[in-house]
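The values are calculated or read from the model by the stated rules, or taken from the named source; none is laboratory data. Fair warning: this is a prediction, and the values are worked out from it, not measured in the lab. When we count neighbours, we look across all protein chains shown, and the Cβ atoms used for this are built from the backbone with ideal geometry, even at glycine. Each accessible area value is taken on the protein alone, full model and side chains, heavy atoms only, with ligands, DNA and RNA left out. Shrake-Rupley method; radii C 1.70, N 1.55, O 1.52, S 1.80 Å.
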Amino acid sequence: MSRRRFLASTAAASMSTLAIGAAPPKPAGHHRPMAISSGNGLRAVEKAIELVRKGHDPLDAAIEGVAIVEADPKDHSVGLGGLPNEDGVVELDAAVMHGPTHGGGSVASIRNIMHPAAVARVVMQRSRHCLLVGPGALRFARAHGFPEVNLLTDEARQIWLHWKETRDPKDDWLPPPEENVAAFIREALEPRVTGTIHCSVLDTHGDLGCTTTTSGLSWKIPGRVGDSPILGAGLFLDNEVGSAGSTGVGELNLLNLSSALIVEQMRRGLHPKDAIMDVCKTIATRCARDPRRRRKDGRVAGNVSFYALSKDGKFAGGSIYPGGRMAVHDGDHARVIPCDPLFDR
Ligand code: GLY
(Lines give C-alpha, C1' and ligand atoms only; values in the text may rest on other atoms or scores of the structure.)
Protein backbone atom coordinates (compact mmCIF):
# COMPACT_ATOMS: atom_id res chain seq x y z
CA MET A 1 0.00 0.00 0.00
CA SER A 2 1.32 3.48 -0.87
CA ARG A 3 2.16 5.83 2.03
CA ARG A 4 -0.66 8.17 0.92
CA ARG A 5 -3.25 5.35 0.90
CA PHE A 6 -1.90 4.02 4.21
CA LEU A 7 -2.27 7.47 5.84
CA ALA A 8 -5.75 7.92 4.32
CA SER A 9 -6.94 4.54 5.63
CA THR A 10 -5.34 5.28 9.03
CA ALA A 11 -7.16 8.62 9.18
CA ALA A 12 -10.50 6.98 8.31
CA ALA A 13 -9.99 4.29 10.98
CA SER A 14 -9.03 6.99 13.48
CA MET A 15 -12.13 9.07 12.86
CA SER A 16 -14.59 6.21 13.31
CA THR A 17 -12.74 5.00 16.43
CA LEU A 18 -12.80 8.44 18.00
CA ALA A 19 -16.58 8.67 17.67
CA ILE A 20 -16.93 5.77 20.17
CA GLY A 21 -17.98 7.36 23.45
CA ALA A 22 -17.77 11.00 22.28
CA ALA A 23 -20.63 13.26 23.38
CA PRO A 24 -22.56 15.44 20.92
CA PRO A 25 -21.53 19.11 21.14
CA LYS A 26 -23.64 21.55 23.16
CA PRO A 27 -23.81 25.32 22.68
CA ALA A 28 -20.44 26.92 23.43
CA GLY A 29 -20.13 29.09 26.55
CA HIS A 30 -18.34 32.38 27.12
CA HIS A 31 -15.32 31.21 29.15
CA ARG A 32 -11.91 31.69 27.49
CA PRO A 33 -10.73 28.20 26.48
CA MET A 34 -7.20 26.95 27.16
CA ALA A 35 -5.30 23.82 26.23
CA ILE A 36 -1.85 22.67 27.34
CA SER A 37 0.20 19.69 26.29
CA SER A 38 3.68 18.23 26.28
CA GLY A 39 6.15 19.59 23.70
CA ASN A 40 4.99 17.09 21.06
CA GLY A 41 1.40 18.34 21.40
CA LEU A 42 1.19 21.49 19.28
CA ARG A 43 -1.29 19.85 16.89
CA ALA A 44 -3.16 18.45 19.91
CA VAL A 45 -3.81 21.84 21.52
CA GLU A 46 -4.84 23.35 18.18
CA LYS A 47 -7.36 20.56 17.63
CA ALA A 48 -8.63 20.71 21.21
CA ILE A 49 -9.31 24.45 21.04
CA GLU A 50 -11.01 24.09 17.66
CA LEU A 51 -13.37 21.50 19.20
CA VAL A 52 -14.21 23.24 22.47
CA ARG A 53 -14.98 26.41 20.51
CA LYS A 54 -17.64 24.32 18.72
CA GLY A 55 -19.07 23.19 22.08
CA HIS A 56 -17.39 19.79 22.44
CA ASP A 57 -16.70 18.30 25.85
CA PRO A 58 -13.19 19.17 27.15
CA LEU A 59 -12.23 15.50 27.56
CA ASP A 60 -13.44 14.63 24.05
CA ALA A 61 -11.41 17.58 22.76
CA ALA A 62 -8.28 16.39 24.61
CA ILE A 63 -8.73 12.83 23.28
CA GLU A 64 -9.11 14.04 19.68
CA GLY A 65 -6.09 16.28 20.12
CA VAL A 66 -3.74 13.53 21.29
CA ALA A 67 -5.24 11.14 18.70
CA ILE A 68 -3.40 13.09 15.99
CA VAL A 69 -0.12 12.08 17.62
CA GLU A 70 -1.33 8.55 18.44
CA ALA A 71 -2.05 8.05 14.71
CA ASP A 72 1.24 9.57 13.53
CA PRO A 73 3.60 6.72 12.48
CA LYS A 74 6.57 9.11 12.69
CA ASP A 75 6.06 9.78 16.41
CA HIS A 76 7.81 6.98 18.32
CA SER A 77 6.47 7.82 21.78
CA VAL A 78 2.82 6.86 21.49
CA GLY A 79 0.24 4.82 19.53
CA LEU A 80 1.04 3.76 15.96
CA GLY A 81 4.83 3.77 15.50
CA GLY A 82 5.50 3.76 19.27
CA LEU A 83 8.69 1.95 20.24
CA PRO A 84 8.03 -1.60 21.45
CA ASN A 85 8.96 -3.59 24.55
CA GLU A 86 12.09 -5.76 24.69
CA ASP A 87 10.30 -8.50 22.71
CA GLY A 88 9.43 -6.10 19.87
CA VAL A 89 5.75 -5.81 20.85
CA VAL A 90 4.08 -2.39 21.23
CA GLU A 91 2.20 -2.10 24.54
CA LEU A 92 0.29 1.11 25.25
CA ASP A 93 -0.89 2.86 28.44
CA ALA A 94 -3.46 5.67 28.61
CA ALA A 95 -5.83 7.37 31.00
CA VAL A 96 -8.50 10.06 30.97
CA MET A 97 -10.20 12.24 33.57
CA HIS A 98 -13.43 14.20 33.11
CA GLY A 99 -13.90 17.31 35.22
CA PRO A 100 -17.71 17.73 35.39
CA THR A 101 -18.28 14.14 36.62
CA HIS A 102 -14.89 13.51 38.27
CA GLY A 103 -14.83 10.36 36.16
CA GLY A 104 -11.66 8.53 35.25
CA GLY A 105 -10.69 5.50 33.21
CA SER A 106 -7.54 3.87 31.97
CA VAL A 107 -5.97 0.98 30.10
CA ALA A 108 -2.50 -0.46 30.56
CA SER A 109 -0.32 -2.79 28.50
CA ILE A 110 -2.95 -2.85 25.77
CA ARG A 111 -1.82 -4.16 22.36
CA ASN A 112 -3.06 -3.56 18.79
CA ILE A 113 -5.23 -0.50 19.54
CA MET A 114 -4.28 2.81 17.95
CA HIS A 115 -6.25 5.08 20.28
CA PRO A 116 -5.92 3.79 23.87
CA ALA A 117 -7.07 7.16 25.29
CA ALA A 118 -10.43 6.67 23.55
CA VAL A 119 -10.63 3.15 25.07
CA ALA A 120 -9.89 4.66 28.50
CA ARG A 121 -12.91 6.96 27.98
CA VAL A 122 -15.11 3.91 27.35
CA VAL A 123 -13.72 2.18 30.47
CA MET A 124 -14.86 5.30 32.36
CA GLN A 125 -18.28 5.39 30.70
CA ARG A 126 -19.22 1.74 30.21
CA SER A 127 -17.76 -0.14 33.18
CA ARG A 128 -17.76 0.23 36.95
CA HIS A 129 -13.95 0.06 36.90
CA CYS A 130 -11.18 2.58 36.49
CA LEU A 131 -8.36 0.43 35.05
CA LEU A 132 -8.26 -2.54 32.67
CA VAL A 133 -4.99 -4.18 31.65
CA GLY A 134 -3.51 -6.42 28.95
CA PRO A 135 -5.73 -9.00 27.21
CA GLY A 136 -8.77 -7.94 29.27
CA ALA A 137 -8.39 -4.35 28.10
CA LEU A 138 -8.06 -5.53 24.49
CA ARG A 139 -11.18 -7.72 24.73
CA PHE A 140 -13.09 -4.78 26.22
CA ALA A 141 -11.90 -2.50 23.40
CA ARG A 142 -12.91 -5.06 20.76
CA ALA A 143 -16.34 -5.46 22.40
CA HIS A 144 -16.87 -1.71 21.97
CA GLY A 145 -15.90 -1.75 18.30
CA PHE A 146 -12.28 -0.63 18.37
CA PRO A 147 -10.46 -2.21 15.40
CA GLU A 148 -7.16 -4.06 15.92
CA VAL A 149 -4.17 -2.73 13.98
CA ASN A 150 -0.50 -3.65 13.81
CA LEU A 151 1.15 -0.82 15.78
CA LEU A 152 4.74 -1.84 15.01
CA THR A 153 5.72 0.23 11.97
CA ASP A 154 8.65 -0.89 9.88
CA GLU A 155 10.68 2.10 11.12
CA ALA A 156 10.01 1.25 14.79
CA ARG A 157 10.85 -2.42 14.09
CA GLN A 158 14.20 -1.43 12.57
CA ILE A 159 15.04 0.77 15.58
CA TRP A 160 14.12 -2.08 17.95
CA LEU A 161 16.13 -4.60 15.90
CA HIS A 162 19.23 -2.41 16.09
CA TRP A 163 18.80 -2.06 19.87
CA LYS A 164 18.43 -5.85 20.12
CA GLU A 165 21.50 -6.50 17.98
CA THR A 166 23.78 -4.08 19.84
CA ARG A 167 22.79 -4.41 23.48
CA ASP A 168 24.91 -7.43 24.45
CA PRO A 169 28.18 -8.20 22.63
CA LYS A 170 28.15 -11.70 24.17
CA ASP A 171 24.84 -12.84 22.66
CA ASP A 172 24.33 -14.29 19.16
CA TRP A 173 22.65 -11.28 17.51
CA LEU A 174 25.06 -9.38 15.25
CA PRO A 175 24.54 -5.76 14.09
CA PRO A 176 25.17 -4.65 10.51
CA PRO A 177 28.33 -2.64 9.75
CA GLU A 178 28.10 0.80 11.39
CA GLU A 179 28.02 2.60 8.01
CA ASN A 180 24.83 0.68 7.07
CA VAL A 181 22.90 1.99 10.09
CA ALA A 182 20.34 4.56 8.95
CA ALA A 183 20.46 8.01 10.55
CA PHE A 184 16.88 7.68 11.87
CA ILE A 185 17.95 4.59 13.83
CA ARG A 186 20.96 6.34 15.37
CA GLU A 187 18.84 9.37 16.32
CA ALA A 188 16.08 7.26 17.85
CA LEU A 189 18.41 5.23 20.04
CA GLU A 190 19.93 8.14 21.93
CA PRO A 191 18.61 8.90 24.51
CA ARG A 192 16.21 6.11 25.56
CA VAL A 193 12.65 7.16 24.66
CA THR A 194 10.25 7.85 27.53
CA GLY A 195 8.02 10.01 25.34
CA THR A 196 4.37 10.42 26.10
CA ILE A 197 1.71 12.99 25.34
CA HIS A 198 -0.45 14.70 27.94
CA CYS A 199 -3.23 17.21 27.17
CA SER A 200 -5.35 19.25 29.62
CA VAL A 201 -8.25 21.33 28.32
CA LEU A 202 -10.40 24.07 29.85
CA ASP A 203 -13.57 24.52 27.78
CA THR A 204 -15.81 27.49 27.08
CA HIS A 205 -17.94 26.61 30.16
CA GLY A 206 -14.92 26.53 32.49
CA ASP A 207 -14.91 22.73 32.72
CA LEU A 208 -11.78 20.58 32.57
CA GLY A 209 -10.79 17.32 30.88
CA CYS A 210 -7.42 15.64 30.47
CA THR A 211 -5.67 12.60 29.05
CA THR A 212 -2.21 11.06 29.03
CA THR A 213 -1.27 8.42 26.44
CA THR A 214 2.01 6.61 25.72
CA SER A 215 3.84 3.59 24.39
CA GLY A 216 5.88 3.82 27.60
CA LEU A 217 9.55 3.29 28.13
CA SER A 218 11.20 1.85 25.03
CA TRP A 219 12.49 -1.75 25.41
CA LYS A 220 10.59 -2.14 28.70
CA ILE A 221 10.15 -5.53 30.31
CA PRO A 222 6.88 -6.88 28.81
CA GLY A 223 4.01 -5.97 31.13
CA ARG A 224 5.77 -2.94 32.62
CA VAL A 225 3.20 -0.23 33.33
CA GLY A 226 4.31 3.37 33.78
CA ASP A 227 2.61 6.36 35.37
CA SER A 228 0.45 7.39 32.38
CA PRO A 229 -2.53 5.09 33.08
CA ILE A 230 -2.41 5.60 36.85
CA LEU A 231 -4.88 8.25 37.97
CA GLY A 232 -3.00 10.61 40.28
CA ALA A 233 0.43 9.74 38.86
CA GLY A 234 0.45 10.50 35.11
CA LEU A 235 -2.54 12.86 35.29
CA PHE A 236 -5.10 14.24 37.68
CA LEU A 237 -7.77 16.90 37.78
CA ASP A 238 -10.32 18.45 40.06
CA ASN A 239 -12.91 20.50 38.21
CA GLU A 240 -12.92 23.05 41.06
CA VAL A 241 -9.13 23.51 41.01
CA GLY A 242 -7.22 22.54 37.89
CA SER A 243 -5.58 19.77 35.89
CA ALA A 244 -2.05 18.34 35.69
CA GLY A 245 -0.18 15.68 33.77
CA SER A 246 3.29 14.40 33.14
CA THR A 247 5.81 12.88 30.76
CA GLY A 248 9.19 11.30 31.50
CA VAL A 249 10.38 8.47 33.73
CA GLY A 250 7.09 7.14 35.02
CA GLU A 251 8.49 5.33 38.05
CA LEU A 252 9.32 8.71 39.65
CA ASN A 253 5.64 9.67 39.43
CA LEU A 254 4.38 6.29 40.59
CA LEU A 255 6.47 6.70 43.72
CA ASN A 256 4.99 10.15 44.43
CA LEU A 257 1.51 10.34 42.81
CA SER A 258 2.90 13.58 41.43
CA SER A 259 -0.01 14.86 39.33
CA ALA A 260 -2.44 14.57 42.26
CA LEU A 261 0.10 16.40 44.45
CA ILE A 262 0.32 19.25 41.93
CA VAL A 263 -3.48 19.65 41.89
CA GLU A 264 -3.51 19.58 45.69
CA GLN A 265 -0.89 22.33 45.80
CA MET A 266 -2.99 24.40 43.39
CA ARG A 267 -5.98 23.82 45.69
CA ARG A 268 -3.91 25.39 48.49
CA GLY A 269 -3.55 28.49 46.28
CA LEU A 270 -0.18 27.91 44.63
CA HIS A 271 0.33 29.12 41.05
CA PRO A 272 0.76 26.11 38.69
CA LYS A 273 4.49 26.95 38.34
CA ASP A 274 5.05 26.91 42.13
CA ALA A 275 2.94 23.76 42.50
CA ILE A 276 5.09 22.01 39.89
CA MET A 277 8.39 23.15 41.44
CA ASP A 278 7.24 22.04 44.87
CA VAL A 279 6.47 18.56 43.55
CA CYS A 280 9.74 18.39 41.56
CA LYS A 281 11.58 19.11 44.87
CA THR A 282 9.58 16.38 46.62
CA ILE A 283 10.49 13.84 43.92
CA ALA A 284 14.14 14.93 43.88
CA THR A 285 14.39 14.56 47.66
CA ARG A 286 12.48 11.32 48.12
CA CYS A 287 13.72 9.38 45.10
CA ALA A 288 17.40 10.24 45.63
CA ARG A 289 17.21 8.22 48.88
CA ASP A 290 17.32 5.04 46.78
CA PRO A 291 20.86 4.40 45.46
CA ARG A 292 19.37 2.81 42.30
CA ARG A 293 17.61 6.08 41.53
CA ARG A 294 20.57 8.33 42.39
CA ARG A 295 23.19 9.78 40.03
CA LYS A 296 26.87 9.92 40.96
CA ASP A 297 26.45 13.60 41.99
CA GLY A 298 23.77 12.56 44.50
CA ARG A 299 20.85 13.96 42.53
CA VAL A 300 17.88 11.87 41.41
CA ALA A 301 18.43 9.92 38.17
CA GLY A 302 15.91 10.52 35.38
CA ASN A 303 13.75 13.42 34.40
CA VAL A 304 10.05 14.16 34.51
CA SER A 305 8.16 17.12 33.08
CA PHE A 306 4.83 18.44 34.32
CA TYR A 307 2.10 20.52 32.70
CA ALA A 308 -0.49 22.22 34.89
CA LEU A 309 -3.54 24.36 34.17
CA SER A 310 -5.63 26.03 36.85
CA LYS A 311 -9.40 26.49 36.69
CA ASP A 312 -8.86 30.23 36.21
CA GLY A 313 -6.60 29.72 33.16
CA LYS A 314 -3.11 30.02 34.70
CA PHE A 315 -0.68 27.46 33.33
CA ALA A 316 2.94 26.30 33.64
CA GLY A 317 5.36 23.63 32.54
CA GLY A 318 8.25 22.47 34.71
CA SER A 319 10.72 19.63 35.00
CA ILE A 320 13.44 18.35 37.31
CA TYR A 321 16.21 18.87 34.71
CA PRO A 322 16.32 21.11 31.60
CA GLY A 323 15.02 19.83 28.28
CA GLY A 324 11.26 19.71 28.84
CA ARG A 325 8.93 21.64 26.53
CA MET A 326 5.23 22.30 26.56
CA ALA A 327 2.63 23.30 23.98
CA VAL A 328 0.02 25.84 24.97
CA HIS A 329 -3.01 27.37 23.27
CA ASP A 330 -4.36 30.36 25.18
CA GLY A 331 -7.44 30.73 23.02
CA ASP A 332 -5.64 33.12 20.66
CA HIS A 333 -2.67 31.18 19.37
CA ALA A 334 -0.65 28.02 19.94
CA ARG A 335 3.06 27.87 20.70
CA VAL A 336 5.74 25.60 22.17
CA ILE A 337 7.71 26.99 25.13
CA PRO A 338 10.42 25.53 27.40
CA CYS A 339 9.54 24.05 30.79
CA ASP A 340 11.23 25.68 33.79
CA PRO A 341 13.77 23.27 35.31
CA LEU A 342 14.32 22.75 39.05
CA PHE A 343 18.05 22.02 38.54
CA ASP A 344 20.19 23.51 35.76
CA ARG A 345 21.93 20.19 35.02
N1 GLY B 1 5.81 8.51 31.48
C2 GLY B 1 5.65 7.43 30.63
C3 GLY B 1 6.17 6.17 31.13
O4 GLY B 1 7.05 6.15 31.98
O5 GLY B 1 5.71 5.13 30.71
Inset, instruction - Determine whether region 164-178 contains at least one residue that is at positive phi, open to solvent by less than 50 Å² (accessible area, probe 1.4 Å) and assigned to a loop (DSSP other than H, G, I, E, B). - result: no
Inset, instruction - Quick one: count up the residues across region 247-282 that are open to solvent by less than 10 Å² (accessible area, probe 1.4 Å) and among the aliphatic types (A, V, I, L, M). - result: 6
Legend entry - Near pairs, Cβ below 6 angstrom, 6+ apart or cross-chain, from region 217-230 (farther than 22 Å from S259 by Cα) to any residue that is acidic (D, E) and more than 8 Å from the ligand (Cβ to nearest atom): W219/E86; P222/D87
Inset, instruction - Scan region 218-246 residue by residue and report those that are open to solvent by less than 10 Å² (accessible area, probe 1.4 Å), under 15 Å from P58 (Cβ atoms) and more than 12 Å from the ligand (Cβ to nearest atom). - result: L237, G242, S243, A244
Inset, instruction - Identify the residue in region 193-206 that is away from the ligand (no atom under 15 Å from the Cβ) and crowded, with 21+ Cβ neighbours inside 10 Å and, among all such residues, is nearest to K311 (Cα to Cα). - result: L202
Legend entry - When residues of region 71-118 are limited to those that are outside any loop (DSSP other than H, G, I, E, B) and not hydrophobic (A, V, I, L, M, F, W, C), the one surrounded by the most Cβ atoms within 10 Å (Cβ to Cβ): P116
Inset, instruction - Count, please, the residues in region 247-269 that happen to be near the ligand (Cβ under 10 Å from one of its atoms) and not small (G, A, S). - result: 6
